[in-house]
Amino acid sequence: MAIPLFLILVGYAAGVLLPLCFPARPRIQNLIAHGLAAVATMGGIYLGMVGLLAPEPLAMSVPSTLPLLTFAVRLDALSSLFLLMISFVGLAASIYAVGYVTELYGRISIGLLGSLYNAFLLSMTLVVLADNGFFFLIAWELMSLFSYFLVVTEHEKSDVRYAGLFYLIMTHIGTAFVILTFLLLFQGSGSFSFDAFRNLGHPLPDNMRTMAFVLALVGFGTKAGIVPLHVWLPYAHPAAPSHISALMSGVMIKTAIYALLRVYFDFFGGHFPWWWGFVVLLIGAVSALLGVMYALMEHDLKSLLAYHSVENIGIILLGIGAGMIFHSYDLDELAALGLIGGLYHTINHAVFKALLFFGAGSLLYATHTRNMEEYGGLLRRMPWTGGCFLIGAVSIAALPPTNGFVSEWLVFQSLFLSYQMPSLLMKFMLPLAAAMLALTGVLALTCFAKAFGISFLALPRSSHARHAEEVPWPMRVGMGGLSAVCIALGLAPMLVVPFLDHVSTSLIGRSIADKMLALDGWALAPVNVEFSSLSSPVLGFLLVATAALGLALVACYGGTSPRRYSKTWACGLNLTSRMEYSATGFVQPIKRVFSTIYQPTVKLETEFLEESRYFAKRRRFEFHIEPLFQAYFYDPLIAFVSGLADRMRIVQAGSLHLYLAYIFVTLVVLLMVAL
């Protein structure tokens, strides 16, 4: 472990320092920064595989001169899985960035961007490897700060500065709750060592454990983007460069999932009441449904993808919440199934969400806009980007034979198996969560039918789209690699499940891989093959065979027919882009159905001809969606804090003597409390 870890650290450290040594040489800075990041991520992939295959956790530590701080790292099954995920997506992002950042030459410092990029990857790596609470908090804070600096890369734009400030505030609120969680664990262990957290010398009382559960859920949930703590995602992800958005949405928010699993199943040993799991399940269901509903209303492609991160975090928490509920009732096989479903979707979301952000970045690179209303007809001009984006869209919509289908199927099965539980309430609530997940899936399919159709099909709706060209090869390679992985993870789950079972076994203590792999590994079964089963290779073969049969029939019976070419019939009019569906029109029916939740503000202005009021010269239509939590929670809270701050300004009188008096009074009060 020591040598691969040393090479990873050296690679990232060189990636931080060397790009700054070549000022005013953006091409060299680009190649050095992202080349070294690619090398370090390949080391991370190797180390992650070593950890997953190792029979026992690997650990090492270096003491520090600071009390309570030890630079301790531990590579167990859970940390290995997340290290592998961070490193693989980081490798794809590094390749993609070589082409993408050429668009930023002359606008920003490429050396500084590359340096921060390497530091960001390093901080995420240390978060999942840390084996000391103090060390974890340092890595967690560095990850937050480096990601903030990357978000405000184009800080000359006011909306980017606002997004960065919003993200910085939210992430530090979350960090405060994480610190309180660790302080509670420190109170029971007397040490910040994770091993001490696992073996508390003085077990925490039930009320303290409940407090730690809530604090961890809020602290890490803020980073994950659970509802209602998700409000920073639609601001920060669109503002960042697209390869950074891919990392933030694909893997950074997953470090919060890692931390929740570490606290609940590792530090607490999986000993918790049923209602903990129910709270996680409920938050997951609400996050999934509201995330996709707000994504549907977005016309900024990167904002749409940011809301879908909220949705998919919800799906992951559905699996984890179901696993926690089953585990609390000692149904460990079903608990392992829920965890495996959640972990599988964690991996899948990292891959297809990074792919989709790469696709959005490619569209931004080619058209210089994120507004889908200005796209159209791009599949003809950007076939590689369009094909890769389609694979990502099919994956996130959970359609076979891609990876999203398999993991969502496993989550569904874990929820349907609730009939084996002794609790009547849980027998009702878990299928209800499955129904919400089904509605989420339908809306996600609708959303990406809009995203792909409006962006890539029909006629160009702007000069940006008419003059778009395919992106450079490094960007295509990054998208192509992730596209292949989306299909591979969907067709070969039998290769993935044993590794995920190794992770869930380390958390729950029950292996179910032999019960999940049926027909010599060619089919998946949710513990019991008689309940249901799925063979992804057979399903993929049938889909390909059906498509091939259709093409063969067309070739045999339609190939000899005479071909005629003519314009598309449009009631005798010339077909123009104004006749197409717009992104706004596409979601109009859904907006009306869910108007109670959306509460849209609609504005219609009509300008008539001077000659007659019966003929309109121009119409202007606008509608605006105000997210519920921002309108009814965050905006009032911000107004209250701002008003309170204005009232508190009276204490800032500008008098040095008054400030010294404040200090004196504070010291006297502290001495009285101490005595």
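The values are calculated or read from the model by the stated rules, or taken from the named source; none is laboratory data. Since the model is a prediction, treat every value here as computed from it, not as a measurement. Here the Cβ is made from the backbone with ideal geometry for all residues, glycine too, and neighbour counts use every protein chain on show.
Pairs meeting the criteria (first residue in the range 137-166 and assigned by TED's automatic domain parsing to the domain that holds residue 237 and surrounded by fewer than 17 Cβ atoms within 10 Å (Cβ to Cβ), second residue part of a helix (DSSP H, G or I) and of a type in the set (D, E, K, R), beta carbons under 6 Å, at least 6 apart or on different chains) are 155/161. Candidates in the range 581-599 are the residues that are β-branched (Val, Ile, Thr) and without any contact (Cβ under 8 Å) to a residue 60 or more places away in the chain; of these, the one that is surrounded by the fewest Cβ atoms within 10 Å (Cβ to Cβ) is 596.
Have a look at 78, 91, 83, 52 and point out the one that is part of a helix (DSSP H, G or I), within 26 Å of the chain's Cα centre (by Cα) and farther than 17 Å from residue 124 by Cβ.
One residue alone meets the criteria, 52.
Looking at the structure I just gave you, is residue 13 at pLDDT 95 or above and either more than 25 Å from the chain's Cα centre (by Cα) or not assigned by TED's automatic domain parsing to the domain that holds residue 131 (or both)?
yes
Of the set (1) under 20 Å from residue 447 (Cα atoms); (2) in a helix (DSSP H, G or I), all apply to residue 626 but (2).
Could you grab me the full set of residues in the range 377-409 that are outside any helix (DSSP H, G or I) and more than 22 Å from the chain's Cα centre (by Cα)?
Once the filter is applied, which keeps residues that are outside any helix (DSSP H, G or I) and more than 22 Å from the chain's Cα centre (by Cα), the range 377-409 yields 377, 382.
In the set (1) crowded, with 16+ Cβ neighbours inside 10 Å; (2) modelled with pLDDT under 90, residue 39 fails one condition alone, (2). Considering the conditions (1) among the β-branched types (Val, Ile, Thr); (2) at pLDDT below 90; (3) under 15 Å from residue 407 (Cα atoms), residue 529 is excluded by exactly one of them, (3). Residue 251 - would you say it is closer than 27 Å to residue 408 by Cβ, in contact (Cβ under 8 Å) with a residue 40 or more places away in the chain, buried (at least 22 other Cβ atoms within 10 Å of the Cβ) and assigned by TED's automatic domain parsing to the domain that holds residue 347? When the stated conditions are applied, residue 251 does not pass them.
The set of residues in the range 117-136 that are assigned to a helix (DSSP H, G or I), crowded, with 23+ Cβ neighbours inside 10 Å and either at pLDDT below 95 or not hydroxyl-bearing (Ser, Thr, Tyr) (or both) comprises 118, 120, 121, 122, 124, 127, 128, 129, 133, 135.
Only residues that are among the polar types (S, T, N, Q) and outside any helix (DSSP H, G or I): list them for the range 162-219, please. Listed by number, the residues that qualify are 191, 193, 199. Residue 516 passes every criterion in (1) touching a strand residue (DSSP E or B) at 6+ places or on another chain (Cβ under 7 Å); (2) without any contact (Cβ under 8 Å) to a residue 60 or more places away in the chain apart from (2). Run down 335, 350, 360 and say which single residue is buried (at least 24 other Cβ atoms within 10 Å of the Cβ), in the same structural domain as residue 452 (by TED's automatic domain parsing), among the small types (Gly, Ala, Ser) and over 21 Å from residue 245 (Cα atoms). The match here is 335. Taking the numbered list (1) part of a loop (DSSP other than H, G, I, E, B); (2) touching a residue at least 24 places away in the same chain (Cβ under 8 Å) in turn, residue 330 passes all entries but (2). So is residue 416 surrounded by fewer than 18 Cβ atoms within 10 Å (Cβ to Cβ), modelled with pLDDT under 95, more than 18 Å from residue 286 (Cβ to Cβ) and among the aromatic types (Phe, Trp, Tyr) or not? So residue 416 fits the description; yes. Residues in the range 470-527 that are touching a Pro at 6+ places or on another chain (Cβ under 8 Å), part of a helix (DSSP H, G or I) and more than 30 Å from residue 268 (Cα to Cα): 3 in all. Among all positions in the range 578-601, there is at least one residue which is part of a strand (DSSP E or B) and not assigned by TED's automatic domain parsing to the domain that holds residue 173.
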